[in-house]
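Trainee: Here you go, one structure.
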There are 2 protein chains.
Amino acid sequence: MTTQLYDLTVPAFLRGFHAMSGFLAKGEAFAAEKGIDPAELLATRLVEDMAPLTGQVQRASDAAKFVAVRLGGVENVPMADEEASFAELQERIAKTVAFLKSVPREAIDGKEAATVTITTPRTSFEFTGIDYATQFALPNFYFHVTTAYAILRHKGVPIGKMDFLGGI
Amino acid sequence: MTTQLYDLTVPAFLRGFHAMSGFLAKGEAFAAEKGIDPAELLATRLVEDMAPLTGQVQRASDAAKFVAVRLGGVENVPMADEEASFAELQERIAKTVAFLKSVPREAIDGKEAATVTITTPRTSFEFTGIDYATQFALPNFYFHVTTAYAILRHKGVPIGKMDFLGGI
């Protein structure tokens, strides 16, 4: 047995977004219960020069979308990074999930040897499709989902490991 | 093209440990430079009831080792969770990497449909081999690598995203 590229990527993102949507909802409920301004929670960073909670959700969204775009060759659905409430972050997640679900598996499967180039302001990296998925996109996606979780934990939101690992 | 189970798991762990070893070294250097007791950094938690830096490294080690044990059917190399210095954490990583490298790919490949049962104090989960790898073990591994990174960032260690994403 072996695994198709679609199955390595899209279902993992869907699981991650499902978990993130769940723990964000607990964060919103916690703010309401404790009388904390939700905007304060959304703006929380683990350190000054790291993206806040809102940014972590946006970057997780981008990390997943780019797999569909770079491997699947589908057109990106740009999202403006203007989310300013928990409801808008949930909407961002829902739009990202809908986009991912719209990508046919045939667009991604078989792209293991495709060339993917990532360009950053400082440098660029070239990957094969499979290395891009397993060595860049998935770690990058989990980085942002975990950091969103870590920010909420740091602020005292009562979530636990199962909120991160929980299934679809 | 498709991907073998070994290629989805072991190389991703090796990349993660390489990155973790690198950013832990920067954490140790930062402590020395700033006159911070390394033990303080190792004991730092993002919140009181979350594992400290040392625990995050130990759990990343376990998450990876268990894939070799549960999918590869090889005997675990128990590690006592007694690391008390950066040097000992580096040794833990090196031992984990050596263990992972000792597992022949033939032991893991083809186990996509194997049954994997995870038992926790409260419940148990049953997975197929492929779901265990992609929906549980990899997210769990990245959770702990990211949280170790986040703790160091939170304490001001000068590391950046490339220290997390950097290759082997």
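The values are calculated or read from the model by the stated rules, or taken from the named source; none is laboratory data. All values derive from a computational prediction rather than experimental measurement. Virtual Cβ from ideal backbone geometry, glycine too; neighbours counted across all protein chains shown. Please note that ligands, DNA and RNA were not included when accessible areas were found on the heavy atoms of the full protein model with its side chains. Shrake-Rupley method; radii C 1.70, N 1.55, O 1.52, S 1.80 Å.
Trainee: Any residue at all in region B:110-121 that's out of contact with any Asp or Glu (no Cβ under 7 Å at 6 or more places or on another chain) and closer than 13 Å to A:Leu165 by Cβ?
Mentor: Yes, region B:110-121 has at least one match.
Trainee: Any idea which of (1) open to solvent by 30 Å² or more (accessible area, probe 1.4 Å); (2) at the interface with another protein chain (Cβ under 8 Å from one of its Cβ atoms) is the one B:Thr147 doesn't satisfy?
Mentor: (1)
Trainee: I'm checking my understanding of the structure. Among residues of region A:37-53 that are away from every other protein chain (no Cβ under 11 Å) and touching a residue at least 40 places away in the same chain (Cβ under 8 Å), which one is surrounded by the fewest Cβ atoms within 10 Å (Cβ to Cβ)?
Mentor: Filtering region A:37-53 for residues that are away from every other protein chain (no Cβ under 11 Å) and touching a residue at least 40 places away in the same chain (Cβ under 8 Å), the one surrounded by the fewest Cβ atoms within 10 Å (Cβ to Cβ) comes out as A:Ala39.
Trainee: Something else: Looking at region B:109-130, can you tell me whether even one residue there is surrounded by 23 or more Cβ atoms within 10 Å (Cβ to Cβ), more than 9 Å from every other protein chain (Cβ to nearest Cβ) and either touching a Cys at 6+ places or on another chain (Cβ under 9 Å) or not small (Gly, Ala, Ser) (or both)?
Mentor: Within region B:109-130, not a single residue is surrounded by 23 or more Cβ atoms within 10 Å (Cβ to Cβ), more than 9 Å from every other protein chain (Cβ to nearest Cβ) and either touching a Cys at 6+ places or on another chain (Cβ under 9 Å) or not small (Gly, Ala, Ser) (or both).
Trainee: Something else now. Of all residues in region B:67-86, count the ones that are touching a residue at least 12 places away in the same chain (Cβ under 8 Å) and surrounded by fewer than 20 Cβ atoms within 10 Å (Cβ to Cβ).
Mentor: Selection size over region B:67-86: 7.
Trainee: Only residues in region A:1-26 that are open to solvent by less than 30 Å² (accessible area, probe 1.4 Å) count as the first member; pair them with residues that are among the small types (Gly, Ala, Ser) and not in a helix (DSSP H, G or I), Cβ under 6 angstrom, at least 6 apart or cross-chain, and list the lot.
Mentor: A:Ala19/A:Gly166
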